[in-house]
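The values are calculated or read from the model by the stated rules, or taken from the named source; none is laboratory data. Being a predicted model, the structure only gives us computed values, none of them experimental. Ideal geometry is used to build each Cβ from the backbone, glycine not excepted, and the neighbour counts take in all protein chains shown.
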Amino acid sequence: MQFSSRLLEQAVDEFGRLPGVGKKTALRLVLHLLKQTDGEVARFTGSINQLKEEIKYCKNCFNISDDTVCEICSSHKRDQEIICVVEDTRDVMAIENTNQYQGVYHVLGGLISPMDGVGPSDLKIDALVQRLRSTEIKEVVLALSATMEGDTTIFYLYRKLKEFDVQISTIARGIAFGGELEYVDELTLGRSIVTRVPYEKNAG
């Protein structure tokens, strides 16, 4: 792709670093920004800067939050004795959109993937174990994507958590193998949460 401006090329390269954004899409985004007023561009860049500088991660569940403790963890309407373990914030949003779950969450920050150099120590697994040791928990729902990495992580978590007097369940397999939670329709995901089953049945 030939550029008439070094500054244009530089901006396109930066936008092209975003996931799922190719060169052509990046160029469209940059050209769109050039047509905006100075005020509109300032609001756009300001929101990104503010996001990076002020965003927090909940000290309990590690979900992205505006405060030290997120709204879900601090809500008296949520069942604090049920923890839903997810890969990242996108999965929290997907499950919340179903309106079928009223417990709290624990965001791992990824999945175990030796091929990508991601091991258990790279995730918030020790923090989850600590939550079970320090808090009265009756159920842990392992709501991870139906992929090889997701199943590997679920198996590892089950071995770490089975020593606790807590029910360990997984979401029902209404989700096809290879499917990621954030792309599953709300109805299917909602039913999978509601009809979750003890992990031992799947492990067998």
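Here are some notes:
- The set of residues in region 100-120 being hydroxyl-bearing (Ser, Thr, Tyr) and within 30 Å of residue 75 (Cβ to Cβ) consists of 101, 105.
- Each residue in region 43-80 was checked for being surrounded by fewer than 12 Cβ atoms within 10 Å (Cβ to Cβ), of a type in the set (A, V, I, L, M) and either at positive phi or not in a loop (DSSP other than H, G, I, E, B) (or both), and 2 pass.
- Only a single item in (1) closer than 30 Å to residue 196 by Cα; (2) modelled with pLDDT of 95 or more is not met by residue 99, and it is number (2).
- Test: residue 83 is at pLDDT 95 or above, part of a loop (DSSP other than H, G, I, E, B), buried (at least 20 other Cβ atoms within 10 Å of the Cβ) and in contact with a Phe, Trp or Tyr (Cβ under 9 Å, 6 or more places away or on another chain): no
Per-residue answers, yes or no, for (1) of a type in the set (Asp, Glu); (2) touching a residue at least 60 places away in the same chain (Cβ under 8 Å); (3) loosely packed, with under 15 Cβ neighbours inside 10 Å:
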position: 103; (1), (2), (3): no, no, no
position: 106; (1), (2), (3): no, no, no
position: 134; (1), (2), (3): no, no, yes
position: 143; (1), (2), (3): no, no, no
position: 150; (1), (2), (3): no, yes, no
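- In region 130-159, the residues that are part of a loop (DSSP other than H, G, I, E, B) and hydroxyl-bearing (Ser, Thr, Tyr): 135, 145, 147
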